[in-house]
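Asks: Here's a structure for you.
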Amino acid sequence: MAPIGWSDLIYLGMGLGLGWGSSLIWRGRQKSSQQPEPVSPMPPTPQEINLEKFDALAEQLKQTQLAYQMASEMSLFKGGFLARTSHELRSPLSTMIGTLQLILSDLCDDPAEEREFVEQAHVAALKLVKLIDEIISVAKTEHGTDTMDIEPIQLAKVFDEVDDLTYLQAANRSIRLEILPPDPGIYVLADLPRFRQVLVNLVDTAIAQMDEGNISVSAHCSPESGCVHIWVDDQRSISAWSESWDLLKHDLVSDANNNSDNSKVSSGMRLLMNQTLLSLMNGKLEVLAVPSESEDSNFNRTQCSIPLATL
């Protein structure tokens, strides 16, 4: 056997190199042939285009129905506010006219009775002026003449102020008032003086319509709705709720007989004022629970919703 020379080794190395390179090239072509070719996107079918148009029209119709419902509710509310305002103005005016007619017709038995009628007319005049001032204040705020300073305020601070302004009235009537302090970290978006006024009015109205019982004020944060719900729970009797929440259907004449203090604005009028102020702060006022005549225990819940501030 002839010995292997250098030339043979060179030829052998070149053969192995060519074989290994050809193997790599063949494997690469095989892999590339196995990969799927990119598929170009198919154009949308007429059915898909019509479906997208239908969804867009359905969403637009939903928004239109919502806007119509809000406008309808606002129209009903303004009608109720006008009806209540007309009644509130007519009541003290009728008292003034009636008492003055008795005096001018010389129907008084003595000067003492005449003075009593004059005092009644004076009280009615004071109520009229007070009512006009409050209505003008709310109307200016709604019109934009008196601007609101809506900013993040600490709810715990407002509750402390409401407690200071109402606890004496409750104590004088032997009513247990409990204002539960909320989390100090809860802030709401509101105008501080007007928001405080709404809460004080709600508590004062409950106190004025109760002879005994408990009143509780608490706050419940609802991050999913972006609001804080404030509950005013009290134990007013069913007779205190003889004036329906829907003031448009209420017999306004009966309210004059039920209002024992002619120097104060009626609960129905104050309710509408509170609702107006809250709506201007993007809030809402609702009555969630009112006792029925068949219930033995009285339980009322008024909910005041106000936007939650994110700090």
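Asks: Compute the distance in nm between two label points, each set 7 Å from the Cα along the Cα-to-Cβ direction, one at S94 and one at H220.
Replies: 4.0 nm
Asks: What is the extension gain from A56 to D133, computed as 0.36 nm multiplied by their sequence separation minus the C-alpha to C-alpha distance, in nm to one decimal?
Replies: Here the segment from A56 to D133 would lengthen by 22.9 nm.
Asks: Separate question: With N denoting the number of residues in the range 125-195, provide Rg(C-alpha) divided by 2.2 N^0.38 Å, to two decimal places.
Replies: Rounded to two decimals, the normalised Rg is 1.43.
Asks: Rg and Dmax of the range 111-162 over Cα atoms: what are they, in angstrom?
Replies: Values for the range 111-162 (Cα only, Rg and Dmax): 19.1, 58 Å.
Asks: Compute the separation of the alpha-carbon centres of the range 167-213 and the range 94-129 and state it in Å as a whole number.
Replies: 36 Å
Asks: Also: Using only protein heavy atoms and a 1.4 Å probe, report how much of I132 is accessible, in Å² to the nearest 10.
Replies: I132 has an accessible surface of roughly 70 Å² with all protein chains in place.
Asks: Still on this model: Once the whole set of protein chains is in place, how much accessible area is left on V188, using a 1.4 Å probe, in Å² to the nearest 10?
Replies: Surface accessible to solvent at V188 totals approximately 0 Å².
Asks: Got a sec? What order do T95, T64, T205, T302 fall in by accessible area at 1.4 Å, biggest, i.e. largest, first? Don't skip to the end; give the middle numbers.
Replies: On the way: T95 50, T64 80, T205 30, T302 5 Å².
Accessible-area ranking of T95, T64, T205, T302, largest first: T64, T95, T205, T302.
Asks: About the Cα centre of the range 76-227, how large is the charge dipole given +1 on each Lys and Arg Cβ and -1 on each Asp and Glu Cβ? Please answer in debye to the nearest 20.
Replies: 460 debye
Asks: Rolling a 1.4 Å sphere over the protein heavy atoms, what is the accessible area per residue of the range 101-189, to the nearest Å²?
Replies: That works out to 65 Å² for each residue.
Asks: Expressed in nm to one decimal, what extension gain is obtained for the pair R176 and V287 from 0.36 nm per residue of sequence separation less their Cα-Cα distance?
Replies: The span from R176 to V287 would gain 37.8 nm if fully extended.
Asks: Could you state how much accessible area E59 has, in square angstrom rounded to the nearest 10, with a 1.4 Å probe and all protein chains kept in place?
Replies: 90 Å²
Asks: Taking amide H atoms as placed 1.01 Å from N in the peptide plane, list the residues 5 or more away in sequence, or in a different chain, whose amide H sits under 5 Å from that of G213.
Replies: R176
Asks: Sort 147-154, 274-281, 50-57 for me by packing, meaning the mean count of neighbouring Cβ atoms within 10 Å per residue, highest on top.
Replies: My ranking of the peptides, most packed first, is 274-281, 147-154, 50-57.
The values are calculated or read from the model by the stated rules, or taken from the named source; none is laboratory data. What you see is a predicted model, and the numbers here were worked out from it, not measured in a lab. Cβ coordinates were reconstructed from backbone atoms using ideal geometry, including for glycine residues, and neighbour counts include every protein chain displayed. Please note that ligands, DNA and RNA were not included when accessible areas were found on the heavy atoms of the full protein model with its side chains. Shrake-Rupley method; radii C 1.70, N 1.55, O 1.52, S 1.80 Å.
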